[in-house]
Every structure is written in C-alpha cells, then in structure tokens.
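Since every read-out is calculated from the coordinates, none of them should be taken as a lab result. Bear in mind the structure is a predicted one, so any value in this text is a computation, not a measurement. Reconstructed Cβ throughout: ideal geometry from the backbone, glycine too, with neighbour counts over all protein chains shown.
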Amino acid sequence: MNIAIGSDHRGFEAKSRIISVLHQLGHEVFDAGPSSRESVDYPDFAFEVARAVSEGRAERGILICGTGIGMCIAANKVHNIRAAPCHDCITAEMSRRHNDANVLCLSADLLGEELIERMVRIWLETPFEGGRHARRVEKITRFENPS
C-alpha cells in the first residue's frame, strides 16, 4: 500500500518511527515532511498528506501532531477525506471498520511508541465492513459532493 505521512515539529520523532514500521511492513511511503524538529505550522503538512490521498497518489495517510486534533481538523477540510483522531486500538480499528477512515491522526504527546505502532498496524489491517456503514459513509460523501 502507498501511504502518505506527515507531522508537525512535535510529531517529528513519532513520524520517523512510524516510517520505519511502514517500511518493515512492506509499504511504500511518501514523507510529506517536515524534515527537522524546527517549529512548523501543522496545516501545511495535513493539507499535503490529505491532498495525496484525495488525489489518489496515496491510498491512506497518517498525520501526527501534539494531540492529533489540529491535524484532523485540517485534513478533514480536503475533499473526500475522512480523517479520524484515534487514541487507542479500539478507535483505530473502528475508524476503519465503521467509518472507512482514510487518514489516521495520532498524538505524539499522549501515546507511547508501542501503542502507536500497534494502532498503525491495526488501522492498516482493518477492512471497512460496508453494509449499513457504507450507507452512512455514502450520506457523508453525498453531503460533501452536492449535485
């Protein structure tokens, strides 16, 4: 799978660790930045990752900032993005299973290394259930794309 990933300065170290995990799992990675721990504005990187997913250059995206909330808000402004701020394995799984989330937003400050790695693995491996959930996701898509 081709995965776009980005962070702000607070998520830089976690992003580097996640990239290693993604490579170990055999995924292709587009690193949208940043390239250092210097202070940056998170929307710039959220928009870059979300656009890569929206335009089909990546199948999924992962964003990391201090809480995961700012990245999520910014990413969800991009057309056809369903970004979810996840804080444990259950929210990571359910964001995929029921909501077909295509961008995972994580907290660098509140989650440990081991938990982040488990969440990323679960999020990548969990399929969308479809069924009644597909109907609900379709309602969101129709609202976002009025005729």
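A few points about this structure:
- Disulfide-incompatible cysteines by the Cβ rule (no partner under 4.7 Å) in the chain: C65, C86, C89
- Here the relative contact order of the chain, from alpha carbon pairs under 8 Å that lie six or more residues apart, stands at 23 percent.
- Charge tally in the Cβ shell below 12 Å around A74, where Lys, Arg are +1 and Asp, Glu are -1, A74 excluded: -2
- Other residues whose C-beta falls under 14 angstrom from the C-beta of A4 contribute a net charge of -2, scoring Lys and Arg +1 and Asp and Glu -1.
- Cα centroid separation, segment 82-100 to segment 27-60: 19 Å.
- Taking Cα atoms only, the orientation of helix 12-24 departs from the longest principal axis of the chain by about 70 degrees.
- Look at the dipole of segment 2-144 built from charges on Cβ: of A134, I18, S7, the Cα furthest out on the positive end belongs to A134.
- Each peptide among 81-94, 123-136, 57-70 gets the average number of other Cβ atoms lying within 10 Å of its residues, and from highest to lowest they stand as 57-70, 81-94, 123-136.
- Net charge over other residues, Cβ less than 13 angstrom from the Cβ of S36 (K, R count +1; D, E count -1): -1
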